[in-house]
Amino acid sequence: MAGAAHCSLQAKRLLLDPKFEGYKLSLEPLACYQLGLDAAVAEVQLRDDQYTLDHMRAFGMYNYLHLDSWYQDNVYYVDQFGRVMNLSVTLDTALQKPREVFRLPTDLTACDNRLCASMHFSSSTWVTLSDGTGRLYLIKSGKRGSSASEKWEIVFNEELGSPFIIAHSVSFIKSDAHSLAVLLLRVEKDELDTKGSGFHVTLEWVTIAERKEGDQRYEIVKRRVLQGKSVPHYAAIEPSGDGLMIVSHKPFTFMQNESDKLEENYDAKASNEKKDPLYYWQQTEDDVTITVHLPQDITKDDIKIHFSPDNICVTLKDQPPLMEGKLYSSVDHESCTWVIREDKSLEISLIKKNEESRWLELIVGDTRGEFIMDSSQCSEIAESLMHLTSEVMNPNPEKENPPCNAQELEECDAFLEDGASLCRFDGDTLKVTHIINLGSNQYLFSVVVNPREMPCFCLRHDVDALLWQPHSDQPENMWEHIATFNALGYVQASKQDKKFMACAPDYSYAALCECLRRVFIYRQPTPLATVLYNRKEGRQVGQVAKQLVATLEAHDPILGFQATSERLFVLTTKTLFLIKVNSGN
């Protein structure tokens with residue numbers, strides 16, 4: 001991570017509401033429509049050898065319903081016969097049955113170690129598709145959502161090794177040739193990992209481009225692999241195909257070929273070779289002593305030292321100054337002295353003007369020296385810090401401002417992962433260019449607001465949930481705070497059975513579903529048509545945020561969950577539910 005810019009996320013204060021009072025449970029009925037499926041969803045259960053938390057996160061909690069962000073209210077899923085089924089909604093009261101748009105050529109049941117089929121909509125006319133056996137399909141779909149112009153044609157398909165799921169893909173033009181970049185996720189056995197789970201996670205970044213012969217055939221032009229020890233919460237390729245952003249609990253690094261590794265090891269070795277300090281210095285309450293080791297041929301006449309109240313300059317022979325700069329604090333320059341000791345070292349004594357002041361450095365900004373502390377100074381510092389430590393949890397509970405008591409924290413204030421980070425990788429150098437330590441900003445979900453931009457990600461900030469839009473082409477504003485869901489960070493933490501979270505692309509509501517049946521919807525605050533007063537404070541309430549609950553008439557587990565500006569789509573094994581949340585304009 002050396003050389004990476006350490007950044008932070010800047011929340012917009014105008015999008016925060018410190019006076020938010022909570023959600024009011026609304027009993028208004030939600031229109032809910034359901035469609036029975038001709039064939040069950042192609043759900044793949046975890047095998048006995050897929051027992052880790054990473055397997056559960058990547059494959060056990062997989063969202064089998066795919067939202068096509070390029071076209072309004074257009075969803076897809078794969079059924080047990082290998083058919084890609086589409087539902088395009090124009091009118092809730094006149095729903096058509098899901099229709100087949102493509103059929104996978106391979107027999108899905110023939111592969112023992114297959115994963116669930118996955119897909120991603122790279123552009124308005126291109127789709128990437130995986131059958132879960134390790135084969136990648138690149139499909140030209142035509143304009144989707146309309147049976148007249150939608151025709152899925154395979155333009156590339158190739159076996160790419162062990163089974164994977166598609167995490168993300170983009171379509172772009174580079175060097176006058178059409179290209180697609182795809183991100184493939186795998187959880188693989190790691191023989192070298194004897195202390196951990198025994199598995200590692202790989203993200204393979206594959207670039208496929210149109211051949212220069214002009215025969216409209218595509219080929220793989222680049223394959224790069226990142227490896228980490230946790231399934232990423234978020235992984236997306238930049239629209240230009242030049243970079244990659246990952247939110248993960250544990251860091252990812254590119255796996256290089258042998259020549260690159262040797263070069264990197266040599267650079268690391270060279271940088272790790274510790275150089276001897278140029279000088280050593282010590283201090284007492286009254287003075288500062290500097291020791292410099294001199295070259296053999298230096299005599300007393302070769303040494304020139306200039307003292308001033310705030311500066312020092314040490315020169316040997318006619319060379320550039322050995323030490324020069326502003327001192328940490330003022331000295332009595334007329335009382336400063338220097339001498340050459342028997343061991344051919346130069347000893348300089350500086351008399352402090354402000355006695356008892358402790359210097360934190362000798363020359364401001366100079367890191368070439370080393371401070372040597374004697375044992376009495378160590379004991380003095382330890383004693384001065386003693387009041388900040390204690391061997392008991394709360395030594396003085398009657399104190400006016402007691403320390404934080406962990407027992408007072410609620411369960412939803414605890415985070416499983418405190419070490420998550422957001423990293424931006426450069427596609428050419430394969431190095432991290434930007435890094436943000438997310439700390440306790442728990443990752444919640446991602447959503448596509450604008451399909452031409454990268455997916456947004458939602459993080460918990462204190463009790464709120466803040467939505468961030470990455471802008472890879474704006475270095476000064478690479479992550480923009482675009483919306484806030486008040487108190488959602490706190491509310492979602494209390495839902496222990498939650499499976500999926502989502503929000504409308506227009507931020508009008510956020511929603512989450514449990515593993516079975518129940519869906520919770522949280523609307524943004526809206527002005528009231530009637531007058532309402534807060535009885536405790538005696539003031540008028542101008543707007544109210546509503547919580548709605550929908551209970552589905554299904555006993556099968558929820559397998560897919562997607563939100564659009566108007567409605568929620570909920571997929572179970574044999575049924576697709578539509579919940580009308582907002583009326584169309």
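Derivation of every value follows stated rules applied to the coordinates shown; laboratory data play no part. Bear in mind the structure is a predicted one, so any value in this text is a computation, not a measurement. FYI the Cβ positions are ideal-geometry reconstructions off the backbone, even for glycines, and counts take in every protein chain you see.
Once the Cα atoms are used to define both axes, helix 375-384 deviates from the longest principal axis of the chain by about 50 degrees.
Reducing the range 476-532 and the range 432-474 to their Cα centroids gives an inter-centroid distance of 15 Å. Straight-line cross-link partners of LYS140 among the lysines, defined as a Cα under 26 Å from its Cα and at least 8 positions apart when in the same chain: LYS97, LYS151, LYS174, LYS212, LYS222. Quick one: Debye curve from the C-alpha atoms of the range 412-526, no solvent, what's log10 I(q)/I(0) at q = 0.09, 0.11 Å⁻¹? Once normalised to I(0) and log-transformed, intensities are -0.27, -0.40. In straight-distance terms, cross-link reach from LYS344 covers every one of the lysines whose alpha-carbon lies under 25 Å from its own, apart from those fewer than eight places away in the same chain; here that gives LYS274, LYS275, LYS300, LYS304, LYS317.
Estimated at 0.36 nm per residue, the fully extended path between GLU370 and HIS6 surpasses their Cα-Cα distance by 128.4 nm.
Treating each Cα of the range 1-79 as an identical point scatterer and summing with the Debye formula, the log10 of I(q)/I(0) at q = 0.15, 0.21 Å⁻¹ comes to -1.06, -1.03.
The fraction of all Cα pairs in the range 119-225 landing in successive 5 Å bins from 0 to the largest distance is 2, 12, 20, 22, 16, 12, 7, 4, 3, 2, 0, 0, given as whole percents. Note on the chain: along the principal axes its Cα atoms extend 98, 76, 44 Å, ordered by decreasing extent.
The mean of 1/r over all pairs of different alpha-carbon atoms in the range 77-149, once inverted, gives a Kirkwood hydrodynamic radius of 13.4 Å.
What trypsin sites (Lys or Arg not before Pro) does the range 445-496 have in DSSP loop regions with at most 12 other beta carbons within 10 Å?
Details: sites: ARG452, ARG460, LYS495; in loops: ARG452, LYS495.
Sites meeting the loop and neighbour criteria: ARG452.
For a straight C-alpha distance cut-off of 20 angstrom, the lysines reachable from LYS195 (same-chain residues fewer than eight places away being disregarded) are LYS229, LYS250.
How would the range 1-152 be classified by its alpha-carbon gyration tensor: rounded, prolate or oblate, with rounded meaning a/c under 1.5 and the a/b versus b/c comparison settling the rest?
Numbers: a/c = 1.59, a/b = 1.20, b/c = 1.33.
Because a/c hits 1.5 or more and a/b fails to exceed b/c, the range 1-152 counts as oblate.
Between helix 258-272 and the chain there is an angle of about 30 degrees, using the helix long axis and the longest principal axis of the Cα atoms. Rounded to the nearest 500, the helix-only mean residue ellipticity at 222 nm of the chain stands at -1500 deg cm²/dmol, with each DSSP H run of n ≥ 4 adding -39,500 (n - 2.57). Loop-located GluC sites (Glu not before Pro) across the range 145-209 with a Cβ neighbour count of 13 or fewer within 10 Å are GLU191, with loop assigned by DSSP. Based on the reciprocal of the average 1/r between different C-alpha atoms, the Kirkwood radius for the range 279-367 equals 13.4 Å.
For the range 143-223, trypsin sites (Lys or Arg not before Pro) meeting the loop criterion (DSSP other than H, G, I, E, B) and having at most 15 other Cβ atoms within 10 Å: LYS143, LYS151, LYS195, ARG211, LYS212, ARG217.
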